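As structure tokens, the structure follows; a few thoughts come after it.
The values are calculated or read from the model by the stated rules, or taken from the named source; none is laboratory data. Small disclaimer: the values here were computed from a predicted structure and weren't measured. Backbone-built Cβ (ideal geometry, glycine too); neighbour counts: all protein chains shown. The protein model used for the area step is the full one, side chains on, heavy atoms only, and it has no ligands, DNA or RNA in it. Shrake-Rupley method; radii C 1.70, N 1.55, O 1.52, S 1.80 Å.
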Amino acid sequence: MLKINDTLERTAERIATGAPLTILAIGSSTTAGVGASAPGAGYPLQLERLVEAALPGIEVRMHVSGVGGETAAQTLVRLEQQLAIVQPDLVLWQVGTNDALADVPEDAFRQLVEHGVASVLATGADLVLIDQQFYPTISRPARYERFVSIVDDVGTRMKACVFSRYGLMKTWALQAPGGLRPMLAADGFHMSDRGYACLASSLAREIMDAARRPHVAADVRIRPALAPQILLTAGGASGL
């Protein structure tokens, strides 16, 4: 589910040298963990625990900056502030759902994402864009999917990795026992603890796989058991 448009070179370097890995997770309600039963059940902190378990001896510093209901324009202001304050090695930018729902013009959304990608890459940090969520009651699916495509297109053109949460959740809806419902909170829109766990495990696996690619850093040392552990966690929870 991770489209590798560029290597996660800085992440690989930090792992290879045993240096602390600083991650900034920024976005709207998914990053804030809306729908989770407790703060630790949101995807960023679950992801942090998985990466720490996979990289014994390496300190993982997760900074969570999520504000429910934000559009890209609002998050962009905070993103540029957080880049200066946190100085992350890896940025996870969850973006686009609220823009599609709030009638933000498509061209304006594209420009905002381009601006944000450029700001992150200018710092030398790695970037993973996390695209929109899928949910059963999307009212204007054609428009919504155009926004999904914008995130993918910007990532491809500007050489930023893109994690397709939309594709992942749509797969759950089609293949998982009981469909998507167990992955969603009671409101049928935000993610549940189970959904966040599956998102975190899938994203952690993809990030680690990307960081350990031989052409990125031949000396990277990642515990071999990570991939099967995460696959089992994601498969067991999602029924895939």
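Give me, ordered by chain and number, the residues 5 or more places off ARG61 or on other chains with an amide H under 5 Å from its own placed amide H.
The list, which skips near neighbours in sequence, is LEU21, THR22, ILE23.
Restricting to the chain, what percent of DSSP beta bridges are antiparallel, rounded to 5?
Details: 3 of 22 bridges.
Here the share of antiparallel DSSP bridges comes out near 15 percent.
For the chain, build the charge dipole from Cβ charges (+1 Lys, Arg; -1 Asp, Glu) around the Cα centre, then report which of VAL86, ALA25, GLY57 sits farthest towards its positive end.
Value: GLY57.
If packing is taken as the average number of other Cβ atoms within 10 Å across a peptide's residues, how do 154-164, 98-108, 113-123 rank, most packed first?
154-164, 113-123, 98-108
Express the accessible area of the chain per residue in Å², computed with a 1.4 Å probe while the remaining protein chains stay in the model.
Per residue, the chain has an accessible area of 41 Å².
So how strong a dipole does the chain carry about its Cα centre when Lys and Arg Cβ are +1 and Asp and Glu Cβ are -1, to the nearest 20 debye?
So the magnitude is around 520 debye.
What residues have an amide H closer than 5 Å to that of SER192, excluding those fewer than 5 places away on the same chain, when H is modeled at 1.01 Å from N in the peptide plane?
The list, which skips near neighbours in sequence, is LEU184, ALA185.
When the accessible area of the stretch 55-214 is split by element with a 1.4 Å probe, what percent falls to carbon and sulfur? Intermediate values should be presented prior to the final figure.
Details: 3320 of 6260 Å².
Carbon with sulfur: 53 percent of the solvent-accessible area.
³J(HN,Hα) across the stretch 156-162 via Karplus (A = 6.51, B = -1.76, C = 1.60, θ = phi - 60°), whole Hz, x for Gly/Pro?
Values, residue by residue: 5, 5, 9, 6, 10, 5, 10 Hz.
What is the set of long-range amide H partners of GLU70 at a cut-off below 5 Å, with H atoms built 1.01 Å from backbone N?
For GLU70, whose amide H was placed from the backbone, the distant partners under 5 Å are SER29.
Relative contact order for the stretch 47-164 using alpha-carbon pairs under 8 Å, separation at least 6, rounded to a whole percent?
The value is 26 percent.
Determine the gain in length on full extension of the stretch ASP103-ARG78; use 0.36 nm per residue of separation and subtract their C-alpha separation, reporting nm with one decimal.
On the way: separation 25, 0.36 × 25 = 9.00 nm, distance 2.14 nm.
That pair, ASP103 and ARG78, stretches by 6.9 nm at full extension.
For every helix of n ≥ 4 consecutive DSSP H residues, a contribution of -39,500 (n - 2.57) applies; sum these over the chain, divide by its total residues, and give [θ] at 222 nm rounded to the nearest 500 deg cm²/dmol. List each step's numbers first, then the result.
Working: 10 runs with 123 residues, N = 240.
Value at 222 nm, helices only, nearest 500: -16000 deg cm²/dmol.
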